[in-house]
Amino acid sequence: MSREQASEGLASDATDTRLAAARWFAGNAVSTDAARLAKALNTESVPWIRRALDQALKRARQEGGRSLQEAPPPIVPDQPEEDEPPASVLAKATERVTEDLLHEISPLIGSLKSAANREWGGFKGSDTERILGQATRLMASLRTLNQASEAPKFETLVLAEIVQEVVTASNAPVPVRVLLEGSAALAVEADRGKLEIAISNGLRNAFEAVESFSSMQPPTVTVAWGVTAAEVWLVIKDSGPGFPGENPGQYKRRGATGKVDHLGHGLALASAVMESMGGEVIVTNSPPGAHFEIRWFRRNANSAG
């Protein structure tokens, strides 16, 4: 698809054509496309096309390097401009530095925890244990965040197998009944690592919720999945107290949490990995508990268009 074809496609009456055009721009938009994309987003009513247009518009504005209202910076005569490394080089450098720091710091935290447990009889249940636990979870979140920032590597996966593996690897803090509802043969296109991160964080949130309170006995977590015409969806529903407050979506921001002693990285991390796959995370309260949902396109970015 060319830029001209994609531009014409945004105005098509056919949903599939508009979706293909929006997804093309999501991977190829430049700053001069911003006005066209903003206009299309303003008139589009189909949710999954709006999401693709929103991603395309963000890309266009990022490619511009400044807001549309700003004038370009003046070029000083006879003064050569400094070369800047491309964004991909900076991202790789940041990833390496972060990994090196985590490699050095993580063992120290583990050693400190072991030494405190061995040398101090009051360690169990202490504030020190709680704070070290926070530090350990932060290290794990930072390590996983590196993976979230990488470009997705799509492959064909059987979704039921991924779900079963994540459920098996997850350790519920209390006995929980996990119900799986979905086709055992549904094949999807996704980045395996990113999908596992999103599902495991949603599942962990559900397990922690029913640990504090459950309207059902035994506490129950349901994982369901399926497809629409354009998207794959997966829902994790728990029997816990639900998200506190009137705006559950706020907990997708990094650092936002409604739980004591939590760092607020789980849902933010899930959102980051799904956005990198062209998808999204939806969180709502659906009595008697919380509703965590991930959606992404049936056709991945490499095959779209």
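The values are calculated or read from the model by the stated rules, or taken from the named source; none is laboratory data. Values in this document were obtained by computation on a predicted structure and should not be read as measured data. Using ideal geometry, Cβ is built from the backbone for each residue, glycine included, and neighbour counts are taken over all protein chains shown.
ALA169 falls short on exactly one of the conditions (1) buried (at least 19 other Cβ atoms within 10 Å of the Cβ); (2) at pLDDT below 90; (3) of a type in the set (A, V, I, L, M), and that condition is (1). Scan region 5-24 for residues that are in contact (Cβ under 8 Å) with a residue 12 or more places away in the chain, small (Gly, Ala, Ser) and not in a helix (DSSP H, G or I) and the total you get is 1.
Scanning region 187-214 for residues that are touching a strand residue (DSSP E or B) at 6+ places or on another chain (Cβ under 7 Å) and surrounded by fewer than 20 Cβ atoms within 10 Å (Cβ to Cβ), we see that the one that is farthest from GLU155 (Cα to Cα) is ALA187. In region 228-246, the count of residues that are modelled with pLDDT under 90, among the aromatic types (Phe, Trp, Tyr) and either in the same structural domain as GLU165 (by TED's automatic domain parsing) or surrounded by fewer than 19 Cβ atoms within 10 Å (Cβ to Cβ) (or both) is one or more.
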